[in-house]
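Bear in mind these aren't lab numbers, they're just calculated from the coordinates by the rules spelled out. This is a predicted model, so every value here is computed, not measured. Reconstructed Cβ throughout: ideal geometry from the backbone, glycine too, with neighbour counts over all protein chains shown.
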Amino acid sequence: SAVISQKPSRDICQRGTSLTIQCQVDSQVTMMFWYRQQPGQSLTLIATANQGSEATYESGFVIDKFPISRPNLTFSTLTVSNMSPEDSSIYLCSFKVTDTEAFFGQGTRLTVV
Amino acid sequence: KQEVTQIPAALSVPEGENLVLNCSFTDSAIYNLQWFRQDPGKGLTSLLLIQSSQREQTSGRLNASLDKSSGRSTLYIAASQPGDSATYLCAVRQTGANNLFFGTGTRLTVIP
């Protein structure tokens, strides 16, 4: 299985600021996904991103709020912009390393105060 | 749109008991189904993956079954241990898609 390193693992941020979350995988992968898990909820897909193209956002998520970078096949970032307390969640990156199985990073626990 | 439901939402059992977690999905056109474990405040650990053509998968004390036509999967945990305490999530991948649709999870507590 792939080793996925996500950081920071947690952060407490002031409202109105932005936080960039990084995800690094130890092998080259084509497809990657960013998910959000709000308190007490299950995971919801934010966007799908491939290297060399713009991310595709799910309904309810926009690029201005959640810009994503995918500079190469082993690295990606998600920025949570102009944060409000409603953005307090766990954010997880996921890579589809094989054709079947999905692997996840350790998650970033974000608290906005 | 695919909807995934897990029952029960929470479960508490004494150590040593066998238990079953349930997952149901509304659209049977799935490519595979994956069971994950999530510890508090942490990411997801993949437990078992069942392809749409398979009926079950086993790993140690865990056994997952899939009945695609009825839209159901179960995760059986034998001889539960306190270390099994976590939230268990099932997720399905639709045919032709790459992302996962997640259930709401079952929070399991195994009492020593």
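Annotations
- Rounded to the nearest whole angstrom, the semi-axes of the ellipsoid equivalent to region A:1-79, taken from the Cα gyration tensor as √(5λ), stand at 20, 16, 13, largest first.
- Relative counts (whole %) of C-alpha pair distances in region B:17-65, using bins that are 5 Å wide: 5, 16, 26, 25, 18, 8, 2
- For the protein assembly as shown, with +1 on Lys and Arg beta carbons and -1 on Asp and Glu, the positive-most of B:53, B:108, A:46 along the dipole: A:46
- Cα-centred dipole magnitude for region A:43-113, charges only on beta-carbon of K, R (+1) and D, E (-1), debye, nearest 20: 160 debye
- Using the alpha carbons alone, the radius of gyration of chain B stands to its Kirkwood radius in an Rg to Rh ratio of 0.96.
- Debye log10 I(q)/I(0) at q = 0.11, 0.17 Å⁻¹ for the protein assembly as shown, Cα point scatterers: -0.55, -1.23
- Checking the cross-link pairs A:7/B:68; A:96/B:1; A:7/A:96; B:42/B:68 against a 25 Å limit on the alpha carbon distance flags A:7/B:68; B:42/B:68 as lying beyond it.
- Gaussian network model of chain A, Cα within-10 Å springs - most flexible of A:46, A:63, A:21: A:63
- Net charge contributed by nearby residues that have their C-beta within less than 11 Å of residue B:110 (K/R +1, D/E -1): -3
- Within a Gaussian network of chain A (alpha carbon springs, distance under 10 Å), most fluctuating of A:29, A:62, A:80: A:62
- Chain B - charge dipole about Cα centre, Lys and Arg +1 at Cβ, Asp and Glu -1, debye rounded to 20: 240 debye
- Normalising the Debye intensity of region A:42-113 to I(0), with uniform scatterers on Cα atoms only, and taking log10 at q = 0.16, 0.19 Å⁻¹ returns -0.61, -0.86.
- Each principal axis of the Cα cloud of region B:53-112 was taken in turn, and the coordinate range along them, longest first, works out to 43, 21, 18 Å.
- Residue B:39 versus residue B:11: modelled label distance in nm, points set 7 Å from Cα along the beta carbon direction: 2.1 nm
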